[in-house]
């Protein structure tokens, strides 16, 4: 008998099953992962990204109709397999069209702040899509650590996970950080500002550094601004329009990593 | 009597009022603006952006509780003023916390494609947040025309308007374009690809040009790829991670406008 048949399979068809209730919270409540110590990865793209980083899910969840097709690729991926009625899928999904599979993963242990690595500081960035996009840009351009100050969207929430498209698994994610803790950084803090500083395309950026990205409406706090070694702005020859924070982050990370 | 009192004011407190029904559709249905020929700008930021471009709203809508405070700044802004019961606000809002005011604007007449201006082509970009972010970047970096191919998110939908933060009013927006119509462009089409072409940071980009940005999952279509004069990719020293399309657009527009 091959080990291909050794992962236990449980079938669930009741909405009131305790596991379904847990998954519902994980998939629809942005901070449930903190209580449960687990995160929910919905859809095969995210699941593959986790496996590619060598992670072993606590469980894999499949829809009844997908299970026969999932078997070959996925049956050995997790510690156990759960097959649920298709009718229950919307219960455990944060998507308009629920995915036919997902993983439950132990929430990775929160790493301590590392003082000397290229980082991105998120200062109360609110929108899950923006946070996820910044994580992707950070991973792409070699910024290995995300420092999320208190008030930033929960990094492991289902929405940020989805927008991050797997970048979470390539990064050191430090959450709930007090601004005072930034004093420990040995890399210089660089801040973008709409009105102050030299232009990014004319200003060499020290590398490694920690780029600070601020709240969508209010920008970077005065406290964080005061901690910055360098303030730069992105020239906007088209006029006074402002950039989305994730767009600004992409430009800054790209320019400092490559140009 | 000053003209400050000449704009008519109508009070509405019924959910069944025809205007409330129209506004509900405009605020919650992504393509209702095409039927009604009007768009809904929710919140004072968007409203100010429209006024700054010299637009005259068909009507301004205020909550009953905000109206006494709105008077001084806003009473002359539109052709007429509507004051509605606070209880009706959620009916005409696309936000979790409804704004206390908004404008109804005539949908600007669709401009014809202009052949020779710096442009951004959107090829079935789906996410309203991404489209809005790209519009902001385009306006900031002097790309004056957006060419939205069929299948792209509706540009004047309430979600794209919100994400665009006023950039709509600074741009020439051409919607529902057939890919064949791109043959009329005299500016070269430049495409980003994850695997082909030279690196953006080493490749001079002809300006003006038309940058093509593709579908979040599938990228740019083969047809559009074949029309490109130049293919470039964004080097990602951090590894194989992919960028969000609005992040990639920001980098491309910035790099071609400034670096």
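The values are calculated or read from the model by the stated rules, or taken from the named source; none is laboratory data. Everything quoted here is computed from the prediction, not taken from an experiment. Reconstructed Cβ throughout: ideal geometry from the backbone, glycine too, with neighbour counts over all protein chains shown.
Select from the stretch A:198-211 the residues that are part of a loop (DSSP other than H, G, I, E, B) and touching a strand residue (DSSP E or B) at 6+ places or on another chain (Cβ under 9 Å) and list them in ascending order. Explain how you work it out, then say what you get.
Initially, the stretch A:198-211 is screened for residues part of a loop (DSSP other than H, G, I, E, B), giving A:203-209.
Correct list: A:203, A:205, A:206, A:208, A:209.
Take residue A:209 and tell me if it is modelled with pLDDT of 95 or more and within 13 Å of another protein chain (Cβ to nearest Cβ). Before the answer, list the steps.
Working: modelled with pLDDT of 95 or more: yes; within 13 Å of another protein chain (Cβ to nearest Cβ): no.
Answer is no for this residue.
Determine whether the stretch B:168-191 contains at least one residue that is touching a residue at least 40 places away in the same chain (Cβ under 8 Å), surrounded by fewer than 20 Cβ atoms within 10 Å (Cβ to Cβ), over 17 Å from residue B:122 (Cα atoms) and in the same structural domain as residue B:138 (by TED's automatic domain parsing).
Yes; the residues of the stretch B:168-191 include at least one that is touching a residue at least 40 places away in the same chain (Cβ under 8 Å), surrounded by fewer than 20 Cβ atoms within 10 Å (Cβ to Cβ), over 17 Å from residue B:122 (Cα atoms) and in the same structural domain as residue B:138 (by TED's automatic domain parsing).
Residues checked against (1) touching a strand residue (DSSP E or B) at 6+ places or on another chain (Cβ under 9 Å); (2) modelled with pLDDT under 95:
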site	(1), (2)
B:177	yes, no
B:188	yes, no
B:192	yes, yes
B:196	yes, yes
B:241	no, yes
B:244	no, no
B:251	yes, no
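Taking the stretch A:25-68, which residues are surrounded by 19 or more Cβ atoms within 10 Å (Cβ to Cβ), touching a residue at least 60 places away in the same chain (Cβ under 8 Å) and in a helix (DSSP H, G or I)?
If the condition is that a residue be surrounded by 19 or more Cβ atoms within 10 Å (Cβ to Cβ), touching a residue at least 60 places away in the same chain (Cβ under 8 Å) and in a helix (DSSP H, G or I), then A:26, A:27, A:33, A:46, A:49, A:50 are the ones that fit.
Would you confirm, using the coordinates I've provided, whether residue A:14 is more than 30 Å from residue A:135 (Cα to Cα) and assigned to a loop (DSSP other than H, G, I, E, B)? Outline the logic, then answer.
Numbers: more than 30 Å from residue A:135 (Cα to Cα): yes; assigned to a loop (DSSP other than H, G, I, E, B): yes.
Judged against the criteria, residue A:14 is a match.
Filter the stretch A:212-241 for residues that are touching a helix residue (DSSP H, G or I) at 6+ places or on another chain (Cβ under 7 Å) and either within 8 Å of chain B (Cβ to nearest Cβ) or part of a helix (DSSP H, G or I) (or both) and give the result.
Within the stretch A:212-241, A:223, A:224, A:227, A:234, A:235, A:236, A:237, A:238, A:239, A:241 meet the criteria.
Given the criteria touching a strand residue (DSSP E or B) at 6+ places or on another chain (Cβ under 7 Å) and either buried (at least 22 other Cβ atoms within 10 Å of the Cβ) or away from chain B (no Cβ under 11 Å) (or both), does residue A:160 qualify? I'd like the intermediate steps shown before the answer.
On the way: touching a strand residue (DSSP E or B) at 6+ places or on another chain (Cβ under 7 Å): no; either buried (at least 22 other Cβ atoms within 10 Å of the Cβ) or away from chain B (no Cβ under 11 Å) (or both): yes.
Spelling it out, it is not the case that residue A:160 is touching a strand residue (DSSP E or B) at 6+ places or on another chain (Cβ under 7 Å) and either buried (at least 22 other Cβ atoms within 10 Å of the Cβ) or away from chain B (no Cβ under 11 Å) (or both).
Could you grab me the full set of residues in the stretch A:163-180 that are assigned to a strand (DSSP E or B) and within 14 Å of chain B (Cβ to nearest Cβ)?
Looking only at the stretch A:163-180, we keep the residues that are assigned to a strand (DSSP E or B), and these are A:172-177.
Matches in the stretch A:163-180: A:172 only.
May I ask you to list the residues in the stretch A:84-142 that are at the interface with chain B (Cβ under 10 Å from one of its Cβ atoms), under 25 Å from residue A:35 (Cα atoms) and either part of a loop (DSSP other than H, G, I, E, B) or modelled with pLDDT under 95 (or both)?
Answer for the stretch A:84-142, where residues must be at the interface with chain B (Cβ under 10 Å from one of its Cβ atoms), under 25 Å from residue A:35 (Cα atoms) and either part of a loop (DSSP other than H, G, I, E, B) or modelled with pLDDT under 95 (or both): just A:127.
Do we have residue A:146 as surrounded by 22 or more Cβ atoms within 10 Å (Cβ to Cβ), within 14 Å of another protein chain (Cβ to nearest Cβ) and part of a strand (DSSP E or B) here?
On the way: surrounded by 22 or more Cβ atoms within 10 Å (Cβ to Cβ): yes; within 14 Å of another protein chain (Cβ to nearest Cβ): yes; part of a strand (DSSP E or B): yes.
Answer is yes for this residue.
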